[in-house]
Amino acid sequence: MAKGEKKKKAGKTTEPVVRLVADNRKARFRFEILDTLECGIQLTGSEVKSLRDGKLSLEEAYARVKEGEVWLVGADIAEYPQATLWNHAPKRPRKLLMRRDEREKFAGLAHEKGLTLVPLKVYFNARGLAKVQLGLCRGKKLHDKRETMKKADSQREMDRAMRRER
């Protein structure tokens, strides 16, 4: 089955099951997202179990290019209590898995233009594999953030007015 295709089950079409683990909402406020890329992540067993429990924080996370590889730095995956002796370090750097051409293009843009690689969300795809949506971002200035807040406020006001009319 091709990527993004719908599954058929007894005559009904259903969407592929994607389970969101964490969403970096602050990144969407702090940064202007220019491009996104889906990539895999190299994890240990206890990290996968902890992710399935939803124990992940992307607040201070970013991606860094080091020796030709892209690493996720600062993501906090809480320890899995049942792993005891074989547990993982919560804030260790994790290798992101992507094709060479994607890595060169994305990492090259980030390095040349002074852009930042920020994880936007982590989820399990339909096959049960952990994926990271990585964004190529430019930091917003204070006036850009104010404009974003004004747009959100005006949208909220319009929604309230629409609800009152009903």
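The values are calculated or read from the model by the stated rules, or taken from the named source; none is laboratory data. Everything numeric in this text was worked out from a predicted model, so none of it was measured. In this analysis, Cβ positions are derived from the backbone assuming ideal geometry, glycine residues included, and neighbour counts consider all displayed protein chains.
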Restricting attention to segment 21-45, the residues that are without any contact (Cβ under 8 Å) to a residue 60 or more places away in the chain and hydroxyl-bearing (Ser, Thr, Tyr) number exactly 1
Within segment 71-130, residues over 25 Å from residue 34 (Cα atoms) and of a type in the set (Gly, Ala, Ser) come out as 78, 83, 89, 126, 128
Somewhere in segment 125-134, is a residue surrounded by 19 or more Cβ atoms within 10 Å (Cβ to Cβ), under 19 Å from residue 29 (Cβ atoms), touching a strand residue (DSSP E or B) at 6+ places or on another chain (Cβ under 8 Å) and not polar (S, T, N, Q)? yes
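Scanning segment 50-59 for residues that are buried (at least 17 other Cβ atoms within 10 Å of the Cβ) and not hydrophobic (A, V, I, L, M, F, W, C), which turns out farthest from residue 83 (Cα to Cα)? It would help to see each step written out before you state the result.
We begin by selecting, within segment 50-59, every residue buried (at least 17 other Cβ atoms within 10 Å of the Cβ); these are 50-51, 55-56, 58.
So of that shortlist, the ones also not hydrophobic (A, V, I, L, M, F, W, C) come out as 50, 55.
Values: 50: 10, 55: 14 Å.
Within segment 50-59, the match that is farthest from residue 83 (Cα to Cα) is 55.
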Scanning segment 136-166 residue by residue, the ones that are in contact with a helix residue (DSSP H, G or I) (Cβ under 9 Å, 6 or more places away or on another chain) and either exposed (fewer than 10 other Cβ atoms within 10 Å of the Cβ) or free of Cβ contacts under 8 Å to residues at least 12 places away in the same chain (or both) total 1
Those residues of segment 120-142 which are at pLDDT below 90, over 19 Å from residue 64 (Cβ atoms) and not in a loop (DSSP other than H, G, I, E, B) amount to 142
Residue count, segment 121-135, condition among the aliphatic types (A, V, I, L, M) and free of Cβ contacts under 8 Å to residues at least 40 places away in the same chain, comes to 0
ask   = Taking residue 145, is it at pLDDT below 90 and among the charged types (D, E, K, R)?
value = yes
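Here's the yes/no breakdown for (1) surrounded by fewer than 17 Cβ atoms within 10 Å (Cβ to Cβ); (2) at pLDDT below 90:
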residue: 38; (1), (2): yes, no
residue: 63; (1), (2): no, no
residue: 77; (1), (2): no, no
residue: 89; (1), (2): yes, yes
residue: 104; (1), (2): yes, yes
